[in-house]
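To start, the structure under review is shown below, and the notes come after it.
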Amino acid sequence: MSFLLRGTIAQQLFKWSQGRESTLSTNLLAEIPPEIELSDYRRLPSSGCESPTGLLHGEDLKAELILELDIFFERLYEYFCAKGLRCIIIKWIIEILNVTFMVFAIGFFLFVDWGALGHLKCGVEALELGEKSCDLMKVIKSDPLVPFTFVKLITIGSMVILMTYGIINFVKFFVKLRSTINVRDFYYNCLKVTDLEIQTISWPKVVEKVVLLQKSRQLCVVKDLSEHDIIMRIMRKENYLIGMVNKGIIAFPIPCWLPGVGPTVSSRAHGRKSFLMLPKTLEWTLNWCIFQSMFDSKFCVRKDFLTSPSVLKKRLVFVGIAMLFLSPILVIFPLVYMFLRHAEEFYNHPSTASSRRWSNLSRWILREYNEVEHFFRHRMNNCTVQSLNYLKQFPTPLISIIAKFISFIFGGLAGIFIILGFLGESILEGHVFGRNLFWYTVVFGTIATVSRKVVADELQVIDPEGAMSLVVQQTHYMPKRWRGRESSELVRKEFETLFQYTITVLLEEMASIFITPYLLIFVIPKRTNDILRFISEFTVYVDGVGDVCSLSLFDFRRHGNRNYGSPLDAARDVRSSQGKMEKSLLSFQSTYTSWEPSQI
């Protein structure tokens, strides 16, 4: 890849900029093409060669051949992320305990007589009515299945599925334990990295050690492994999904009001707008129906898979129908998990109701080719503060005025009750409209806390262009329809579909359990030809690696875009959208500094 730009010129070229200076980030701007949105990189590509330096010869090297390199490298990466054997074992045990606890939590709901619980009187209220102290055991049913209702059937079904999942995890624990120990031995004996050192060593350093090990031990007999080869193996399936999202293959002609709908994608083929949509449940089903089925034992895309769209359609419809029947049961899992995970947090910290996180769709829009999970997660975490700051650039004076009034009233009432509590704790046991003052103090305090989060910060500097530029330095995402319109309501709304309230993300994931069957049965089967065409046109065979998404190969001759610094310009239909391939290349090179791109 000798034609790649190098040195200070390339460092200046691959930065994001905009037309006018910003009060927040004047040092980031330069007179460069507005299509580029990248931050500084420690090192840019230089010419070199990743071709084999020579196959290993001689029997005395005692080379160990690893047949399933994809699985091996995936386990190597998982072991690194888990930070050692001890952490992995503890994590597995805790996961099994979590499932067990959720089974008991769901089962507990069957034993509670909720009608009797609502009429149960305790404490001062019981004394005032002349009743004995309440006995909570009275609301526990001796026969929880009488009368047997549909809701109880759903609850029992969810418990059975959850217990099955727990048993499978328990068996997998022992099945995978041996292979995990083998990976630990590989780290210790071959890479000379102990479980203590793995806590602090970087992933690029681990990959570099594996590449150096290839020179003395044949992990791959076809060619010398490079950092690029290893990561392409680890992310073989993920790169295809990133490409499908980037090229608008996972965009559907669905109503814009459906929960989880993302940015629009113009479809020239259908003459109408489609919307990107990829909730967790849809991601899992597409992974099982497509990515887990498309490769053979040699990591090549199966010919019969590409030539049989009817088979894929039937598989999608079958999974959709199965999910449709199971959806009432499946929805209980996220509901119970959300309650157990967030109820205490919201009770003690009501302000968390206004916290935000990246949606599942945004994670696949923003993730780059060959970017492993933990690097992507760090990049997104780094821009959380800047993303929140950008959304603060759109104050709503009317809502802020009302929120100030609400926080003043309810905060004042909560303060009065607290003062009364200091004067005498028994005062708070007094009842007003059937509730004691303890209850009102908690409720009023929660309302005041949430309303204060809505009030605009009076010290906030309004500069949406500068705020967005700081976000883009991490996300590397700046669609043309956003440029020059950072202060518009259109950009804000679209950005909010990617960076959502936590409660919105949770509710949309629950709703997706019912929406995904509809997509699998009626919508996605109509796109199977497009999906298979993408896989066929964007697949290339690499010696020693197998079939990979060609966009992850950083092939400028095939997918280059001059607007993003490529010396070659490919046809529009085969270029990556918004220069994702070019940006991915620079990100990869800045992360794996010992990697040298090959000549193309």
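The values are calculated or read from the model by the stated rules, or taken from the named source; none is laboratory data. In this text the structure is predicted, and so the values were computed from the model without any measurement. For neighbour counting, all protein chains shown are included, and Cβ atoms are generated from backbone atoms with ideal geometry for every residue, glycine included.
Looking at PHE174, PHE186, just one residue is free of Cβ contacts under 8 Å to residues at least 12 places away in the same chain, of a type in the set (Phe, Trp, Tyr), in the same structural domain as ASN98 (by TED's automatic domain parsing) and assigned to a helix (DSSP H, G or I), and that residue is PHE174. Residues in the range 560-586 that are buried (at least 22 other Cβ atoms within 10 Å of the Cβ) and part of a helix (DSSP H, G or I): TYR564, GLY579, LYS580, MET581, GLU582, LYS583, SER584, LEU585, LEU586. Selection of helices (runs of 4 or more DSSP H) fully inside the range 44-130 by the criterion of at least 2 residues being at pLDDT 90 or above and either surrounded by 12 or more Cβ atoms within 10 Å (Cβ to Cβ) or under 27 Å from the mean Cα position of the chain (by Cα) (or both) returns 69-82, 85-111.
A residue that is modelled with pLDDT of 90 or more and among the acidic types (Asp, Glu) occurs somewhere in the range 528-540.
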